[in-house]
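Asks: Here you go, one structure.
Values in this text are rule-based calculations from the coordinates and carry no lab data. What you see is a predicted model; the values in this text were computed from it and never measured. No Cβ is skipped: glycine too gets one built from the backbone with ideal geometry, and neighbour counts run over all protein chains shown.
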């Protein structure tokens, strides 16, 4: 079967963008829709959705994106600070600041997303391991402490807070020690959102279990891109940028592997993400997320990494464009994932298929 | 058959579901697959209007295959009775019985339908059932052409399916088993409705299913207390308790009643006009009462009734004075005929209580036109229903789409808010003849008042208005006993002038006018308030010493503080402690028939009422419907009258001969035996007789507002039937104002088969237009396999079905299905034919 | 959005205390909805709306048979489905004439239809079917909505029913995506919190059965102790199968669904999917561990490479 489909997929691909998308979708998910057979053989109740649509909209998309950046930047900054050279301090500095900056919009976004924003504190009534939402809240709250503290220490050390005794005291705090638990929480914040989506009944999100891995990879790739971007603008040593680039390259590779695993594992239920039908998000996914957000930067980076260890040569313009592409891809990954989740929840036959284990 | 019980009577249908769980077989024969069909063991789709062929073939099958319950039929029915020699059956007259007068369009002479009698007037019989003139043999000949082939031809039912129904009925009837037949307006709303029910009665008598537990024919009534409204009627031709309304004009008199063996006492008639006289109470009793059987009590019931209405006035001239006060009918004053009169400007005022002719009555467009001819109209309802709003609003489609010119409508309309059922107290009498008292829960809102309040105060004010009048025509109103005021207002209610419903119930139950044990001379006269209650109708007298509003209800309130309609004891085999079933709290009528002629139960399993040899009386699980101490061996003396004329083996005590009538020698206007006629509008010619449709029905063919499609008219090839949905009630006058119900069924739809939809290019969910010669409406297309085309008369006939719940008022609006229906009336009860007529459809919407 | 009156106190109260001790555990109560008895009258829908004072749904004619409700919603906690299977099994199964038809045909072939042809036993349901099913919250023993709820608004009551405490719920929407049956939903046209069937908790506390069960004329909806209902459900299945209703099956009576069964179980007359019910839905909370493992694995790979890259010098 697979062999039969492959040439067909390729043949069809050349004629139109829809066919390209359909070909990619069939190739990656291993599923080709058979509407007539499904209509005839798979019962459903007048195609009314079998589960409810998520209530989540753009707030959640942005939160996922910023949360990933906040966690990812913190982790990268901590690694740089703990293991890097003196030159790499720039990474730590930029990372900690950016982490806090990315974190700032998160609570308002989350609170706005609630049906009853004035009851946001109710989130803290429970500590529920079963519920990623509960854990996420606690994770976010704890991470905020560390991110804030670390950034303040950084600020104090950088002299932003002035020279009074309080600032000196803060600067003296063991930032690297604090960064250890902070980085763990950063990983949590960058990855739990994937787990949160996985622990639902929406077929697209829950069928494969690797979404958390994809999200944490994306958190690291987008964070690397963001830090690179900042450092390129601020002017940082090429050597440090090179380290970041390698990390980014690895993260993108892992992310792409994860996404392909996700698509294959999700199979039919991944259609809303990769298909070409009007309610499906294949166009944005294949172009912005996978194409220009992952594959293109990865190719460019591979090329630059392979073309010799010209550590001192900077190509700022190209780097900045690549960073922006990665960031856009990271955002659209979350956006298409959330929106396709809506589409997925409306598809009764796939929902019921997903539950026929 | 003829009933969508699960949808129109879901609570009653619960009992059917329960019976099915216990092994009963449920069969549903209906033009459309409904929620009733979904629960049935067998569903048989049939053509609307072919019922008598379907049932007649079952009768034939029973007769030809010895499927009848022999001992029951010979002893308890008139199968053995001989019919007059000059009786001519439809077999001989090609669809007509003897006595038909073509010009009058009715049977003016029904005398030939009578029994053959001996010189004492007693019917002759042949218990061997061999005499060619006995009812049994007449039936065999009459139903000979109702063959399974004919069922296929006329109903479109494959004979195997029909046979399954017939066999299941036969196998589940007899000594050990019984079957019940339920029907509703699917039968009654046909131009031959009464005869369809007669067919079912014949089947049940032949199978021994009457008067026995689990048997019977159940008339599912249209709404709460519709049974009550025939018991204490809102009908023009009945007083309470099925006493006929006195008539000033009785036509179509059977000559049999002049013969020496007449079943009535005697009668006077106007020599010139040949019309029976009911000018005096004695005339009335002579012509309406019967010499033999339970109706021989008519004098006592009528006299007591007159006393309940007119009090002391009833005592003058042996009741004749009050009898004269009762208005006499001068023709057909039924609702629909009155609409025609209204159109012709002969009706000036109209009082509508809970009725909505502008949307709920047949040929509603004509009804709305009729309402425009009135001077005034009072509408009492919960909301401003279509009938109260027609003067400024119309459906807004088709011919009525232009705005109404209110200035051209002279009708002055008074809308009076009515209380809902939870806002008033009183009784309901439903299908099973059971009176159930319900209490008031809350005060009605605003100016809304109970119907009792309205009628009582209206009467009071009218009496004040006419007080002192010497005009004879006003005396009836002025003489009415009209004192139902409560002694003290209900506690906690803001309504202080609500009449006392229990006092009304007391009058209905009956009371002693004089002390029952009073000695000669010392005659105390009671009023309604202080009189002792009568314990039941057995004590009612024809001498003016008792009063009773409705004899059949007598016993419901036998003593102060003992309102049996309010009793709520759910125990016992027949629940005698729950509510009160008329007559005499009897749950099954004619239950003497549950025992064999010797008085022993037909079977131990179906034991119900039997003769107790040691106690020398009838006993059982129910109140015996028989003379308690009359032994099975009793035989009447020659010339005996009243109940003495019945033997100990005559269970049908209301009938003069004590037998169940397979053949109806009198009482029906369209024949002694059911005969198949096509509906007034039909896609086919009558396959059985030359006579196309019911010869006695009222067609109003000349009226331009009631045009009928011709037989087999290609312009109107589709059979249409109408029905109810569980979610709404009749014309929606109470339900289309409730958002909860409206969202369950928000729109009028027409159910059509995929085949018909394909032919007419109509798509599911889109709109279609349905038209008949009377009007056009639009509805959503519900294309469903629940409707199916039938092979009838050698070709395919399509049927469509529509609910009729919508109108132009309320929170959910839609076309009025009844705009399509015509107004051809059944001859006996003047009911329209809304369940089987013809139409055409096309895709689209009306402008 | 305006902050509701006294919400600060209530928030603090909710956070720090005024906790009443949990009520003593009672016998588990639930529904058993037997679709073989349903007559599709929708009295349950209306009774539910009336008792719980829920607003009417939008007036929308769907054309989905007689179902104009469509689905359960935050303001519709009972929903009657109508599934038309008409003309699918004409003449019995496999296109073969049913036994009775064959026998009658045989009898007719012989030239006589005997008074009692061999057997007129009718099937329990006619060959056409119009399935009706009153859907409701399943009150899962392991309820995904309850497991997902971060605020503790969703609880199992002392009757082991699943209940949303309206004063706690902050409308995060996580229960909505957790529920595999499409039951619980956020009322975005109303108070923006999650709503679903309460199993008439208020009535149950007073020992009265839920409004829908009370209104159901044919006892298609039965309310009672879960253990007894399940026993009855099995008996009922046996009864129907003995009468030839082979397609009858139970849903949620055994512990298979969500690893603990449903306190609101069903008897269905076709595959669950016909009623839009998932045959064997996954329990979302079971995904937390594997998903976390994959995340940690990815994080570890990246961390390792990060350390390698930054330590390089």
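Asks: Share of antiparallel DSSP beta bridges in chain B, in percent to the nearest 5?
Replies: Working: 44 of 76 bridges.
Around 60 percent of the beta bridges assigned by DSSP in chain B are antiparallel ones.
Asks: Please state the equivalent ellipsoid semi-axes for chain B: what are the square roots of 5 times the Cα gyration tensor eigenvalues, largest first, in whole Å? Intermediate values should be presented prior to the final figure.
Replies: On the way: eigenvalues 314, 267, 145 Å².
Over the Cα atoms of chain B, the ellipsoid semi-axes are 40, 37, 27 Å.
Asks: Report the Cα-based extents of the stretch B:673-747 along its three principal axes, largest first, to the nearest Å.
Replies: Computed over the Cα atoms, the extents are 51, 32, 24 Å.
Asks: Okay, moving on. What whole number of Å gives the distance from the Cα centroid of the stretch B:704-742 to the Cα centroid of the stretch B:797-847?
Replies: For the stretch B:797-847 versus the stretch B:704-742, the Cα centre distance is 3 Å.
Asks: When you count, for each residue, the other Cβ atoms within 10 Å and take the mean per peptide, how do B:429-438, B:558-567, B:814-823, B:763-772 rank with the highest first? Spell out each step's value before the answer.
Replies: Working: B:429-438: 20.3, B:558-567: 15.5, B:814-823: 27.9, B:763-772: 18.3.
Highest-to-lowest ranking by the protection proxy: B:814-823, B:429-438, B:763-772, B:558-567.
Asks: Ranked highest first by the average count of other Cβ atoms within 10 Å around their residues, in what order do A:63-76, B:204-217 fall?
Replies: Top to bottom by mean Cβ count within 10 Å: A:63-76, B:204-217.
Asks: Please compute the volume of the convex hull spanned by the alpha-carbon atoms of the stretch B:704-847 and report it per residue in Å³.
Replies: It is 132 Å³ per residue.
Asks: Give the average, rounded to an integer, of partner chain Cβ atoms located within 10 angstrom of each Cβ in C:65-71.
Replies: For this peptide, the per-residue mean of nearby foreign Cβ atoms is 6.
Asks: Same structure, new question: Of all DSSP beta bridges in the protein assembly as shown, what percent run antiparallel (nearest 5)?
Replies: Details: 67 of 103 bridges.
Counting DSSP beta bridges with both partners in the protein assembly as shown, the antiparallel share is about 65 percent.
Asks: Which of the peptides B:741-753, A:108-120, B:222-234, C:31-43 is most tightly packed, and how do the rest follow, going by the mean number of other Cβ atoms within 10 Å of each residue?
Replies: So the order, starting with the most tightly packed, is C:31-43, B:741-753, A:108-120, B:222-234.
Asks: What shape does the stretch A:59-178 take by its C-alpha gyration tensor, where a ≥ b ≥ c are the square roots of the eigenvalues and a/c under 1.5 counts as rounded, a/b above b/c as prolate, and the rest as oblate?
Replies: Prolate is the answer for the stretch A:59-178, as a/c is 1.5 or above and a/b outweighs b/c.
Asks: With just the Cα atoms defining each centre, how far is the stretch C:189-253 from the stretch B:70-127? Give it in Å.
Replies: 58 Å
Asks: Just from its helices, what would the mean residue ellipticity at 222 nm be for chain B, if runs of 4 or more DSSP H residues each count -39500 (n - 2.57) and the sum is divided by every residue, rounded to the nearest 500 deg cm²/dmol?
Replies: The helix contribution divided over chain B gives -6000 deg cm²/dmol.
Asks: Evaluate the Debye formula for the stretch B:375-429 with equal point scatterers sitting on the alpha carbons, no solvent, and hand back log10 of I(q)/I(0) at q = 0.15, 0.17 Å⁻¹, in q order, two decimals.
Replies: Debye curve over Cα of the stretch B:375-429, log10 I(q)/I(0) at q = 0.15, 0.17 Å⁻¹: -0.57, -0.66.
Asks: Now for a different question. Return the average number of partner chain Cβ atoms within 10 angstrom of each residue Cβ along peptide A:108-119.
Replies: 6
Asks: Where does helix A:17-29 land angle-wise versus the long Cα axis of chain A, in degrees 0 to 90, nearest 10?
Replies: 80 degrees
Asks: In what order do B:837, B:626, B:575 fall by count of nearby beta-carbon atoms within 10 Å, going from fewest to most?
Replies: With the fewest neighbours first, B:837, B:626, B:575 line up as B:575, B:626, B:837.
Asks: Hey, how many Å between the Cα centroid of the stretch B:1-31 and the Cα centroid of the stretch B:623-642?
Replies: 37 Å
Asks: Still on this structure: Give me the orientation-averaged projected area of the Cα convex hull of the protein assembly as shown, in nm², one decimal.
Replies: Across all orientations, the protein assembly as shown yields a mean hull projection of 68.4 nm².
Asks: Under the √(5λ) rule applied to the eigenvalues of the Cα gyration tensor, what semi-axes describe the equivalent ellipsoid of the stretch B:577-637? Give them in Å, descending.
Replies: Values for the stretch B:577-637, descending: 20, 14, 10 Å.
Asks: Here's a follow-up. What is the P(r) of chain A, as percent of Cα-Cα pairs per 20 Å bin from 0?
Replies: Final binned percentages: 29, 53, 17, 1.
Asks: Right, here's the next one. Helix-only estimate, please: 222 nm mean residue ellipticity of chain A, summing -39500 (n - 2.57) across DSSP H runs of length 4 or more and dividing by its residues, to the nearest 500.
Replies: About -23000 deg cm²/dmol.
Asks: Return the average number of partner chain Cβ atoms within 10 angstrom of each residue Cβ along peptide C:52-62.
Replies: Working: counts 0, 0, 1, 3, 9, 6, 4, 9, 3, 11, 5.
Rounded to a whole number, the mean comes out at 5.
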